[in-house]
Amino acid sequence: MFIDNENTAIVEPVGSTISQNMRITGTIISSGMVTCAGQIDGTVQCKSFHILPGGKLSGEITADEVTIAG
């Protein structure tokens, strides 16, 4: 969390989600968590990567933590 010049809290997003009805082709780069319930064809670079049941990845993962739940 950060504070702007007007002392208003700025909250960073918790993570990014690829939903069940979404397909991403290419490279995903995130400084946080990426959750995949849909399909990724490409490369993922992130801090934490979670594949949910039904999620698919065809490519490479570079992450500090990977969870495969399906």
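The values are calculated or read from the model by the stated rules, or taken from the named source; none is laboratory data. Note that this is a predicted model, so its numbers are computed, not measured. SASA here: full protein model, heavy atoms, side chains in, ligands and nucleic acids out. Shrake-Rupley method; radii C 1.70, N 1.55, O 1.52, S 1.80 Å.
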Members of the stretch 53-65 found to be within 12 Å of the chain's Cα centre (by Cα), of a type outside the set (S, T, N, Q) and open to solvent by 70 Å² or more (accessible area, probe 1.4 Å), listed by number: Glu65
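How many residues are hydroxyl-bearing (Ser, Thr, Tyr), open to solvent by less than 50 Å² (accessible area, probe 1.4 Å) and part of a loop (DSSP other than H, G, I, E, B) if we restrict to the stretch 14-45? Reasoning before the result, please.
Here is the first cut: in the stretch 14-45, the ones hydroxyl-bearing (Ser, Thr, Tyr) are 16-17, 19, 25, 27, 30-31, 35, 43.
Now drop any that are not open to solvent by less than 50 Å² (accessible area, probe 1.4 Å), which leaves 19, 30, 35, 43.
Those still in the list that are part of a loop (DSSP other than H, G, I, E, B) too: 19, 30.
Residues in the stretch 14-45 being hydroxyl-bearing (Ser, Thr, Tyr), open to solvent by less than 50 Å² (accessible area, probe 1.4 Å) and part of a loop (DSSP other than H, G, I, E, B): 2 in total.
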